[in-house]
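To start, the structure itself, in structure tokens.
The values are calculated or read from the model by the stated rules, or taken from the named source; none is laboratory data. The structure presented is a predicted model; accordingly, all values stated were derived computationally and were not measured. Here the Cβ is made from the backbone with ideal geometry for all residues, glycine too, and neighbour counts use every protein chain on show.
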Amino acid sequence: MFRLVRDSRWRQQRLLILCYHGISQEDEHQWRPRLFMPAETFEQRLGALQRGGYNVVGLAEGLVKLQEGALPPRSVAITFDDGCYDFYARAYPILRGYGFPVTVYQTTYYSDFQRPIFNLICSYMLWKRSGAVLDKGRMIGLPDRLDLRTEESRQEIVFALVTKAEKENLTGAKKDQIAAGLATMLEIDYEALARKRILQLMTPSEVGELAASGVDFQLHTHRHRTPKDEALFRREILDNRGWLDRVVNKPSQHFCYPAGDYDRQFLPWLRALGVVSATTCDAGLVTTASDSLLLPRFVDTTSRSMTEFESWLTGVGDLLSFRREASQHRLAMAGFPKRA
């Protein structure tokens with residue numbers, strides 16, 4: 001069945017867009033298996049693309065050829081969301097070895113502020129101490145007793161920290177001080193963790209280096225959020241595009257909704273900003289009938305088996321898929337929340 005569907009005219013008329021977020025530097029895939037993947041697993045995925053004779057095309061090229069009816073058989077595009085340092089250190093060397101093109105949807109605020117992303121590093125450090133019950137919450141302005149035994153209780157702590165930071169309108173530097181205080185409470189060497197650059201974004205020089213090597217960098221908002229206010233939404237895109245223009249010096253016309261969180265009111269705003277495509281985290285293959293600003297992707301994660309992955313490469317997974325719309329809340333909690 002896999003071979004029949006893979007080699008069919010039906011599959012040739014469809015583009016599969018793969019979505020990845022992070023490739024672990026250490027144990028991040030154990031903390032967030034829906035967000036991070038071991039390098040070995042990622043290399044197995046690319047090996048399957050090569051062995052199966054799939055045509056890995058650039059995102060923009062694939063979308064144009066699809067509309068022209070000139071898409072090569074078994075076409076696949078590879079995308080990475082967020083632009084973390086692990087892409088530079090782990091993912092890109094593997095992709096380069098296979099010669100596959102890739103699009104990175106780069107969020108940019110933390111590229112200039114080179115510290116760990118606040119909400120994520122807090123979650124990661126709490127996970128590092130999972131199982132503990134502490135009576136030191138007052139050190140970081142929270143209730144004294146902190147229960148770290150469950151994912152739910154740890155996320156409640158992260159939510160409280162993020163809410164506190166938003167209420168006080170804290171700068172990135174002030175939020176980083178809170179994260180450092182949390183690390184002290186948890187008896188974690190925060191500066192040693194920061195030096196590893198886990199949960200940090202690529203620097204402008206790293207983005208520029210990869211862009212010069214052929215990596216396609218596109219829009220993902222400046223602060224990884226999609227406000228429902230048009231002026232604020234435009235600001236996110238324009239700040240993101242301005243940063244990319246300075247560093248990459250290439251038009252940025254393709255967009256990815258942070259955390260897969262989209263609303264149809266965004267579509268005319270994106271068109272007015274000259275955005276020609278936008279990808280979601282909804283499951284499916286792209287066809288000529290797909291809305292160019294609501295393109296589906298296959299979100300590949302550590303929990304996906306190789307059989308499931310190959311079923312989506314061939315198109316069988318799309319044929320058998322019943323639930324196509326992603327749960328936006330679940331994705332946001334599993335990956336990058338809307339606000340960093």
Quiz item: Name the residues in segment 238-260 that are assigned to a loop (DSSP other than H, G, I, E, B) and crowded, with 20+ Cβ neighbours inside 10 Å, would you?
Solution: V248, S252, Y257
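Right, P93: without any contact (Cβ under 8 Å) to a residue 24 or more places away in the chain and either in contact with a Ser or Thr (Cβ under 6 Å, 6 or more places away or on another chain) or assigned to a helix (DSSP H, G or I) (or both) or not?
Working: without any contact (Cβ under 8 Å) to a residue 24 or more places away in the chain: yes; either in contact with a Ser or Thr (Cβ under 6 Å, 6 or more places away or on another chain) or assigned to a helix (DSSP H, G or I) (or both): yes.
In short, yes.
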Quiz item: Looking at this structure, is Q177 assigned to a helix (DSSP H, G or I), without any contact (Cβ under 8 Å) to a residue 24 or more places away in the chain, more than 30 Å from G99 (Cβ to Cβ) and outside the structural domain of Q265 (by TED's automatic domain parsing)?
Solution: yes
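Looking at the structure I just gave you, is Y190 surrounded by 15 or more Cβ atoms within 10 Å (Cβ to Cβ) and more than 24 Å from A77 (Cβ to Cβ)? Spell out the reasoning first.
Details: surrounded by 15 or more Cβ atoms within 10 Å (Cβ to Cβ): yes; more than 24 Å from A77 (Cβ to Cβ): yes.
When the stated conditions are applied, Y190 passes them.
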Quiz prompt | Residues satisfying the stated conditions in segment 14-40, i.e. surrounded by 18 or more Cβ atoms within 10 Å (Cβ to Cβ) and more than 15 Å from Y88 (Cα to Cα) | solution = R14, L15, L16, I17, L18, C19, E28, H29, W31, R32, L35
Exercise. From (1) outside the structural domain of L59 (by TED's automatic domain parsing); (2) crowded, with 16+ Cβ neighbours inside 10 Å; (3) polar (S, T, N, Q), pick out the condition that doesn't hold for T163.
Key: (2)
Self-check item: Close pairs from segment 235-261: first over 11 Å from F217 (Cβ atoms) and modelled with pLDDT under 95, partner part of a helix (DSSP H, G or I) and among the aliphatic types (A, V, I, L, M), Cβ under 7 Å, at least 6 apart
Solution: A259/L331; A259/A332; G260/L331; D261/A332
Quiz item: Would you pick out the residues in segment 296-316 that are surrounded by 19 or more Cβ atoms within 10 Å (Cβ to Cβ) and either touching a strand residue (DSSP E or B) at 6+ places or on another chain (Cβ under 7 Å) or not assigned by TED's automatic domain parsing to the domain that holds L63 (or both)?
Solution: P296, R297, F298, V299, D300, T301, W312, L313
Quiz item: Pick from T79, T41: which is in a strand (DSSP E or B) and polar (S, T, N, Q)?
Solution: T79
Self-check item: Number of positions in segment 59-76 that are in contact (Cβ under 8 Å) with a residue 60 or more places away in the chain, crowded, with 18+ Cβ neighbours inside 10 Å and assigned to a loop (DSSP other than H, G, I, E, B)
Solution: 1
